[in-house]
Amino acid sequence: MKESELSTEPIGQNLIKLISNLCFSVFVFSVLIFTVIAITYQPPDPWLESAPALTKLFTQTENATFKNDDSILKTGEDVVLVASPEVPPALAVNPITETVIKKSEEKILNLNLKSDCEDLKFVNCSDPRVLVTVERFNLKTFKFIVFLEYQTPVNGSKLDECDVAWRFRNKKEKSWRKYRDFRRFKFGIGENCTYNVVHAGGWHSGINARRPRNRPNTTRSSGNLRLAPPVGDEEINDTIPTLGSEMNFRKGKYLYYARGGDYCKGMNHYLWSFLCGLGEAMYLNRTFVMDLSVCLSATYNPSNRDEEGKDFRFYFDFEHLKEVASVVEESEFLRGWKKWNRGRKRKVPVKKVTTYKVTPMQLKKDKSTIIWRQFDAPEPENYWYRVCEGQAAKYIQRPWHALWKSKRLMNIVTEISGQMDWDFDAVHVVRGEKAQNKELWPHLDADTSPDALLTKLKEMIQPWRNLYIATNEPFYNYFDKLRSQYKVHLLDDYMELWSNKSEWYNETTLLNDAKPVEFDGYMRVAVDTEVLYRAKTRVETFYNLTKDCKDGINTC
């Protein structure tokens, strides 16, 4: 018996040691895995995380090319921000609220103004009580507007009328841009001999309060074209900044992307690539050299041909981009580079990179004045966005906040929304090629027919509401059946906003060296998108009108 116990004792001890070693190995292995995860984990890009639909749109690739969805065009001001960028101090304005209006009334009481009804028989537009009355009326009437500042009312066309101008922002717009309206108000005398608004005119009806025209000393002309003196938006400053002295150029650090295969691709592809380059420049703490010349893809042109030579500023807010990112225009940059190298033995240090496989992380410590990325390989190796793929995606965050739609286009959006008094619903009707493709969208054509639309909209929108239709349907009268139930508005109803007598036309023509600019397909979709976003009720094609999937059959 003793021999048996002696023989089994070492086995028991060895078993305990084996279990202990196994447990310790599992613990060490777990710690190792946790450490690796902690080191390599990078939080997702907050701009894209906050808009998963936008991420999905731009990250779904097939053979390194994009499926174009031209029905909705999003930029930075459309993204619901996790942490909104700070408003520049120069643009920070406290909104006019009920509290602000009450404080104004208290100041008026301290002035001991007369309240005799006989004195109020004829409206004195400069009376501060008139402005307070308008402020309170607007605050109650326009719920989706943030009022920022008012001008002193001026006389209207009659003794009981005043014209009032103000600056505002729409609550649904994420940017801090300001817009302008001026309206005519008819006043009456209410209880306790106070003013009240009897009638308020429509959008831009208070013509005496509009800003004066900025008439130049000379009238510019080009051939038979004579440019009307532009009213102009004094808040737009999209001039091209200069580099200054040669020494300033030498002190700078630049990231220069040569033109690649992204040129003349769809705008979604262009933006995805452009923001990759801008994101890398921010990561490297360098100034991004950008080409303001844009090639508009054939998909946006009636001629169905690519159109080169479009100006970036036609579509996007260059002023805002300059405020939030360090950029320099390409020709200005090349001029400075050439000027510095002329007659000097010591040339500007340049790091030339000929493949996207050289990562931003490898360039982080490079001391060269210019990092020059060239994209000479065949497609899809020459796409800019390839730089931000793979491991680089963990370090480069695309700065969506830097890219807003052009203020000139947004002024058209504001005009359209204002003419409907900000009180409208909207339906997004996608047709075009998708409606014709029965294999991928078998029900779309029937589900967006006039009869089907009317039946569906009756369930969601009250009759005789202002109904804006954002659509790619080319036939204007296609939606006439809806006019029996709604006040229908289409983009083409507002063609005067980009006609040859419009503010937009004058400003873009001057920007384009006195050559008229076409209001192209991309501009149409951009304006349609923004008006759609401002509607009180929004009906979508692929969520409300049809059960077909947005990207085709079996992709929902």
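For the reader, a short list of remarks on this structure follows.
- For beta carbons closer than 8 Å, sequence separation of 6+ or different chains, a first residue in the stretch 354-371 that is closer than 18 Å to C388 by Cβ and open to solvent by less than 30 Å² (accessible area, probe 1.4 Å) and a second that is of a type in the set (S, T, Y) and not in a loop (DSSP other than H, G, I, E, B), the qualifying pairs are P360/Y283; I371/Y254; I371/Y256.
- Enumerated helices (runs of 4 or more DSSP H) restricted to the stretch 417-511, each holding at least 1 residues that are open to solvent by 70 Å² or more (accessible area, probe 1.4 Å): 432-436, 450-458
- Lone qualifier among L255, L278, L321, L284 - being out of contact with any Phe, Trp or Tyr (no Cβ under 7 Å at 6 or more places or on another chain), open to solvent by less than 10 Å² (accessible area, probe 1.4 Å) and touching a residue at least 12 places away in the same chain (Cβ under 8 Å): L321
One line per residue, one yes/no per condition, for (1) touching a Gly at 6+ places or on another chain (Cβ under 7 Å); (2) more than 30 Å from S293 (Cβ to Cβ); (3) among the acidic types (D, E); (4) in the same structural domain as L271 (by the TED database):
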| residue | (1), (2), (3), (4) |
| --- | --- |
| P450 | no, yes, no, no |
| Y468 | no, yes, no, no |
| N472 | yes, no, no, no |
| L491 | no, no, no, no |
| W498 | no, no, no, no |
| Y505 | no, no, no, no |
| P516 | no, no, no, no |
| Y533 | no, no, no, no |
| C549 | no, yes, no, no |
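- Selection within the stretch 420-446 - aromatic (F, W, Y) and farther than 30 Å from K171 by Cα: W441
- Selection status of K338, modelled with pLDDT under 95, open to solvent by 20 Å² or more (accessible area, probe 1.4 Å) and assigned to a helix (DSSP H, G or I): yes
- Of everything in the stretch 349-384 that is outside any strand (DSSP E or B) and closer than 30 Å to N237 by Cβ, the residue that is farthest from the chain's Cα centre (by Cα) is T369.
- Taken over the stretch 164-186, the residue count meeting the criterion of being under 21 Å from E234 (Cα atoms) and outside any loop (DSSP other than H, G, I, E, B) is 12.
The values are calculated or read from the model by the stated rules, or taken from the named source; none is laboratory data. Everything quoted here is computed from the prediction, not taken from an experiment. So basically every Cβ, Gly included, is an ideal-geometry build from the backbone, and we count neighbours across all protein chains shown. Each accessible area value is taken on the protein alone, full model and side chains, heavy atoms only, with ligands, DNA and RNA left out. Shrake-Rupley method; radii C 1.70, N 1.55, O 1.52, S 1.80 Å.
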